[in-house]
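Accompanying notes for the structure given below.
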Amino acid sequence: MKGASSRLPAAARAIIAGDHRVLARTITAVENGDPSADAVVRSLYPRSGRAPVVGITGPLGVGKSSLVNALVGRLRSLGQTVGVVGVDPSSPFTGGSVLGDRIRLERRADDNGVFFRSMASRGAAGGVAGATREVSRLLDAAGFDVILVETVGSGQVDVAIRDIASTSIVVVVPHLGDEVQTLKAGLFEIADLFCVNKVDLPGAELAKRDLSELVTLGGRPSGWSPRIVGTSTVEPTVGIDELWNDVLAHEKFLDDSGERTQGERRRLSSEIVGLARDHVGRELMHRLESDPALRRLLDDVVARRLDPRTAADRLVGRGRRSR
Amino acid sequence: MPMARAARKAPIRVLIAKPGLDGHDRGAKVVARALRDAGMEVIYAGLRQTPEEIVRAALEEDVDLIGLSILSGAHMALFPRVLALLKSQGGHPIPVFAGGIIPDEDARRLKKAGIRAIFGPGTSLEEIVATAQSLARHSA
């Protein structure tokens, strides 16, 4: 057990040095659950947690990819480097996917200040892929100043971005529904900022007003009151500077209020428990399948001689004794 | 259980891009869809991509395969440029296949230059998918 920073794996050193090819390869390995990425991911963790991670979520077709492109342009003009992860859905039938978030990206091909990675959801629910958190963390450790994570077109319960992003932008467009929609639980609850995109369309004022009413009904327990920005990504763009300034205002609020640490603790505890649960689950599944005594347990449940709850108790109890 | 198998095995990642200035992307979209249905992750980069943009996208996305579609007639200028840039980036070579309106004589020269397969009008999607799978398998 050497200190994490003194003996970094070669790939980790390459990523820190700005080698985008090694970064891309490592991302693939993380996505595929390839054990070769394990040491890199572990060793780079201490270097993450520096960049704001900005989530861009909202229903399909509201303009998330165009907004990401506009934000990338804005950030580059400010001299900031940007890592982007764009998630699109995988087919539940074939596992295939068409990843189209890149299509809106406009940047100079020789600009090393932007790294864009498309990612398929690979069966994960909640709006992001299982590996999105670790990949955004790799981009952070690679030294990008800002990380943008674009979710799949989200439904009302797709709130997993909250476990990854320090600031979540919920993007809507005019005529998505009446004000009752804004009262419903789920997606609208996680917004640190609301973005009414395509603000040049009729109905934009009404949409902004409905959201303002939602916000005045009560902010977050943290005391943050979500801001509402109207944007258009059609040239000449509208509201992009304001949107970014509001992201920065929220990031500053996180620091000033102590919410950043609170949020990090909440996110990381759920990550640790999730990883541990996967670990223990795999181990128990292995035992259930390989230990003859435990296989009989399963036979008993199948034959209705035993109920699943009692079998689970015994599975865990037996696991403890055999240690 | 084809679904579980597809989820466990790492999917083939393929970049589909249109170099050049024509706006006819129906062919590229049909191929993207067919590769998706064959279980691949298709990064669709869209229209009017420069060779530099295509190569950068291929590296960032760490694809196993690149498919280029072109109908403008500029393939003799643009395809070799993509190949040259890929080569100059080092690393293991990413196989490139192409489709569009490409005369036989040009196709012969492009294949000699390193384009692995060229599909003209009327090629079946089955043939494109099978070729893509075999190219990706052998590049890994």
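The values are calculated or read from the model by the stated rules, or taken from the named source; none is laboratory data. Predicted model, so just to flag it, every value in this text is computed and none were measured. Note: ideal-geometry Cβ built from the backbone for every residue, glycine included; neighbour counts use all protein chains shown.
Take the residues in segment A:142-159 that are of a type in the set (G, A, S) and surrounded by fewer than 24 Cβ atoms within 10 Å (Cβ to Cβ), then tell me which one is modelled with the lowest pLDDT.
So the first thing to find is which residues in segment A:142-159 are of a type in the set (G, A, S), and the list is A:142-143, A:153-155.
Among the residues that remain, those that are also surrounded by fewer than 24 Cβ atoms within 10 Å (Cβ to Cβ) are: A:143, A:153, A:155.
Details: A:G143: 97, A:G153: 92, A:G155: 87.
It comes out as A:G155.
Which one of these is over 18 Å from the mean Cα position of the chain (by Cα), among the hydrophobic types (A, V, I, L, M, F, W, C) and crowded, with 18+ Cβ neighbours inside 10 Å: A:L23, A:L71? Can you show your working first?
Values: A:L71 fails: over 18 Å from the mean Cα position of the chain (by Cα).
Result: A:L23 is the single residue among A:L23, A:L71 that is over 18 Å from the mean Cα position of the chain (by Cα), among the hydrophobic types (A, V, I, L, M, F, W, C) and crowded, with 18+ Cβ neighbours inside 10 Å.
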Worksheet entry | Residue among A:V172, A:V146 that alone is within 18 Å of A:V229 (Cβ to Cβ) and touching a Ser or Thr at 6+ places or on another chain (Cβ under 8 Å) | A:V146
Worksheet item: Quick one: would you say A:R117 is in contact (Cβ under 8 Å) with a residue 60 or more places away in the chain and basic (K, R)?
Response: yes
Worksheet, complete the sentence: Residue hits (segment B:107-125; outside any strand (DSSP E or B) and in contact with a Gly (Cβ under 8 Å, 6 or more places away or on another chain)) are B:A107, B:G120, B:T123
Item to complete: State whether the residues of segment A:77-92 include one that is free of Cβ contacts under 8 Å to residues at least 24 places away in the same chain and touching a helix residue (DSSP H, G or I) at 6+ places or on another chain (Cβ under 7 Å).
Response: yes
Worksheet item: Pick from segment A:26-53 the residues that are surrounded by fewer than 20 Cβ atoms within 10 Å (Cβ to Cβ) and among the charged types (D, E, K, R): which of them is nearest to B:L59 (Cα to Cα)?
Response: A:D34
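Could you tell me whether B:I115 is β-branched (V, I, T) and more than 11 Å from the chain's Cα centre (by Cα)? Let's see the steps before the verdict.
Working: β-branched (V, I, T): yes; more than 11 Å from the chain's Cα centre (by Cα): no.
So B:I115 fails the test.
For the subset of segment A:90-123 comprising residues that are over 18 Å from the mean Cα position of the chain (by Cα) and within 16 Å of A:L148 (Cβ to Cβ), which member is nearest to the other protein chains (Cβ to nearest Cβ)?
So in segment A:90-123, the residues over 18 Å from the mean Cα position of the chain (by Cα) come out as A:91-98, A:103-114.
Still in the list and also within 16 Å of A:L148 (Cβ to Cβ): A:103-107, A:111, A:113-114.
Values: A:I103: 4, A:R104: 9, A:L105: 9, A:E106: 10, A:R107: 9, A:D111: 9, A:G113: 12, A:V114: 9 Å.
In this case the residue turns out to be A:I103.
Quick test for you: out of A:L211, A:L217, A:L193, A:L187, pick the one residue that is farther than 24 Å from A:P52 by Cβ and in the same structural domain as A:S65 (by TED's automatic domain parsing).
On the way: A:L211 fails: farther than 24 Å from A:P52 by Cβ; A:L193 fails: farther than 24 Å from A:P52 by Cβ; A:L187 fails: farther than 24 Å from A:P52 by Cβ.
Answer to the check: A:L217.
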Discussion item. Against the definition (crowded, with 18+ Cβ neighbours inside 10 Å and either more than 18 Å from A:L60 (Cα to Cα) or touching a residue at least 40 places away in the same chain (Cβ under 8 Å) (or both)), how does A:D200 come out, yes or no?
Written reply: no
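In segment B:29-50, what residues are touching a strand residue (DSSP E or B) at 6+ places or on another chain (Cβ under 6 Å) and either at pLDDT 95 or above or of a type outside the set (G, A, S) (or both)?
B:A32, B:L35, B:R36, B:M40, B:E41, B:V42, B:I43, B:Y44, B:L47, B:Q49
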Worksheet entry | Elements of type strands (runs of 3 or more DSSP E) in segment B:7-106, at least 1 residues being within 12 Å of another protein chain (Cβ to nearest Cβ) | B:13-19, B:41-49
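If you check A:R220 against the conditions, is it in a loop (DSSP other than H, G, I, E, B), within 25 Å of A:D241 (Cβ to Cβ) and not small (G, A, S)?
Working: in a loop (DSSP other than H, G, I, E, B): yes; within 25 Å of A:D241 (Cβ to Cβ): yes; not small (G, A, S): yes.
It is true that A:R220 is in a loop (DSSP other than H, G, I, E, B), within 25 Å of A:D241 (Cβ to Cβ) and not small (G, A, S).
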